[in-house]
Amino acid sequence: MNKKVRIGLIGAGRIGQLHGENLVRFVPNAELVAIADPFFNDTTYAWASSLGVENCYKSAEAIFANPSIDAVFICSATDTHADYIIQAAEAGKHIFCEKPIHYDVAVICEALAAVEKAGVKLQVGFVRRFDYNHKMVHDTVASGKLGAPHIVKVTSRDPEQPPMSYVEGSGGLFMDMMIHDFDMVRYLSRSEVTEVTAYGDVLIDDQFKNYDDVDTAIVMLKFANGALGVIDNSRRAGYGYDQRTEVHCAGGCVQVANVLDNTATISTPDSVICAKPQWFFLERYNQAFIAEAQAFATAILDDTETPVQGIDGLMPVLIAKAAKRSLDEGRSVKISEIEGYKSSSYVTL
């Protein structure tokens, strides 16, 4: 019988349930054996039972204490991520953790140090790297066939704004939403961001002002390899989930358009009509979520490096903090200005 990675899931909310179902249905070399969530109720117990999981706990400590569990999926609230990483590492468990690891750079570094000391594997949940379209952009740039990258562009616009109860604890647009794009520009450019200039405003809903946040933003970036970049975000694009990437290089350009609900085009003398972009991330990145879980299990069984490591969890947070400072102070900000940057042994710039 082929060996399987025995996994404990921490957090049974929307993203936790997505990962749980993917592990059971689409990752044959993994076995979901336990789920922990402090808010377990009849509905979540029934959901766990439908997946064949009998070990259900209200405390993550029960998973850390179970010697038969090889790895954990941390899908709980953001403010628990770093602590759970440390506890899992000390228990000898390999770790998949949803983004971000934490909002505080020092806390992230503490968690990464625990992982390094324990010698366990860590993968951070930047799922867009596993999308076959974005991966093609990355692979094309990495091949060198188009020459050095000059301009990196990312557009990311949500179909509808989140509730204010979510915004209140989200860390703001740069830390919550654009953090995926900060990871994406690093991934596509194959270089680190050195400086950012951010512009943002509240153009959709004045309630964002109550949380010192914006709902619309553009961030310009400089990279260590000389490339320039731009990211634009909107909390509300009523036509669907707008996800486009582009890298213009010395010898050409590679672009990704939106994935549509269908590929039919209706042409008449009056108009040419096509479908709208897929509605949100659950539809757009469904296969990518499966691919990242498969990659994590494979890295454990083959004893190889995970494709999204601790440094990839740290750098987007540093960039997000620089973007917020740029917006607040009305100037360009170097990543090296951010507290914790110079003292972190994980930053190689």
Inspect all residues belonging to segment 280-290 and state whether any of them is closer than 28 Å to GLY147 by Cβ and open to solvent by 40 Å² or more (accessible area, probe 1.4 Å). no
Of those in segment 56-67 that are in contact (Cβ under 8 Å) with a residue 24 or more places away in the chain and open to solvent by 30 Å² or more (accessible area, probe 1.4 Å), the residue nearest to ILE85 (Cα to Cα) is GLU61
Of the criteria (1) open to solvent by 20 Å² or more (accessible area, probe 1.4 Å); (2) within 26 Å of VAL141 (Cα to Cα), which one ALA299 fails: (1)
Being outside any helix (DSSP H, G or I) and closer than 15 Å to ILE15 by Cα is the filter here, so list the residues in segment 102-131 that pass it. VAL124, GLY125, PHE126
Among the residues of segment 108-126, write down those that are closer than 22 Å to VAL5 by Cβ and either surrounded by 22 or more Cβ atoms within 10 Å (Cβ to Cβ) or touching a strand residue (DSSP E or B) at 6+ places or on another chain (Cβ under 6 Å) (or both). ALA111, LEU112, VAL115, VAL120, LYS121, LEU122, GLN123, VAL124, GLY125, PHE126
Lone unmet requirement of (1) over 19 Å from LYS121 (Cα atoms); (2) of a type outside the set (Asp, Glu); (3) outside any loop (DSSP other than H, G, I, E, B) for PHE39: (3)
At least 1 residues that are open to solvent by 60 Å² or more (accessible area, probe 1.4 Å) in each: list the helices (runs of 4 or more DSSP H) lying fully within segment 132-246 that qualify. 132-143, 164-168
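The values are calculated or read from the model by the stated rules, or taken from the named source; none is laboratory data. It should be emphasised that the depicted structure is a prediction, and the values quoted were computed from it without experimental measurement. Every residue, glycine among them, receives a Cβ derived from its backbone with ideal geometry; neighbour counts consider all protein chains shown. Just so you know, the surface numbers come from the protein's heavy atoms only, side chains and all, with ligands and any DNA or RNA stripped out. Shrake-Rupley method; radii C 1.70, N 1.55, O 1.52, S 1.80 Å.
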